[in-house]
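Everything on this sheet refers to the single structure shown next.
The values are calculated or read from the model by the stated rules, or taken from the named source; none is laboratory data. What you see is a predicted model; the values in this text were computed from it and never measured. Heads up, the Cβs are rebuilt from the backbone with ideal geometry, glycines too, and the neighbour counts pull from every protein chain shown. For the accessible areas, the whole protein counts, side chains as well, though only heavy atoms, and no ligand, DNA or RNA atoms are used. Shrake-Rupley method; radii C 1.70, N 1.55, O 1.52, S 1.80 Å.
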Amino acid sequence: MRKVLTGAVVCALAAVSLSGTAEAAPVFAPPAADGCGGTGYAPPGGAWGAVSQSSCGLAGSPGLKIRYTYTSRSDASPIHASAKHYTTAEGTNPGPERWTEFGAGTRGDSGLLPWGNSLAMKAIKFQSINVLGAIVDWS
């Protein structure tokens, strides 16, 4: 009886480990607390993905400029990005919200964009440049 139970346990463990070999759906990481970034998606075929908004607010001040960076999790998927910012860095009025497009590769950097005296959430959206989609980490 003892040998039968041991064999049954070994077979059950083998079945569990074999079932875990299938690829799981992509898991989105929570936004990074230090950079107030997050994870976005560039859908296949060139459409723009949904806006990825940070979970933390950015309290600006007159003169503040910010930078967005992104990295595609796939080396085969070049990405184009559009990042939210404001039109005026100087003074107490940051001006209207604006979106600026940048990047054309698996990594991108917006350069300095005006944020000014605004209290808002950073946000970005991504577009795949080829037929492949990609999960994209940003800050």
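Data for the structure
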read-out	value
Cβ charges +1 (Lys, Arg) and -1 (Asp, Glu), total dipole of the range 77-127, debye	160
For the range 78-92, Karplus couplings with θ = phi - 60° (6.51, -1.76, 1.60), whole Hz, Gly/Pro x	x, 10, 10, 10, 9, 10, 7, 7, 10, 8, 10, 8, 8, x, 8
Accessible-area composition of the range 39-124, carbon plus sulfur, in percent [1.4 Å probe]	51
Rough spin-label spacing in nm, given labels placed 7 Å along Cα→Cβ, for S61 and R73	3.6
Ranked order, Y68, Y86 - accessible area, probe 1.4 Å, largest first	Y86, Y68
Interchain or long-range residues, amide H under 5 Å from Y68's placed H	S110, G111
Accessible surface of E97 - all protein chains present, 1.4 Å probe, nearest 10 Å²	100
Solvent-accessible surface (1.4 angstrom probe) belonging to T71, in square angstrom, nearest 10	50
Inter-label distance for R107 and N93, nm, one decimal - labels placed 7 Å from Cα along Cα-to-Cβ	4.0
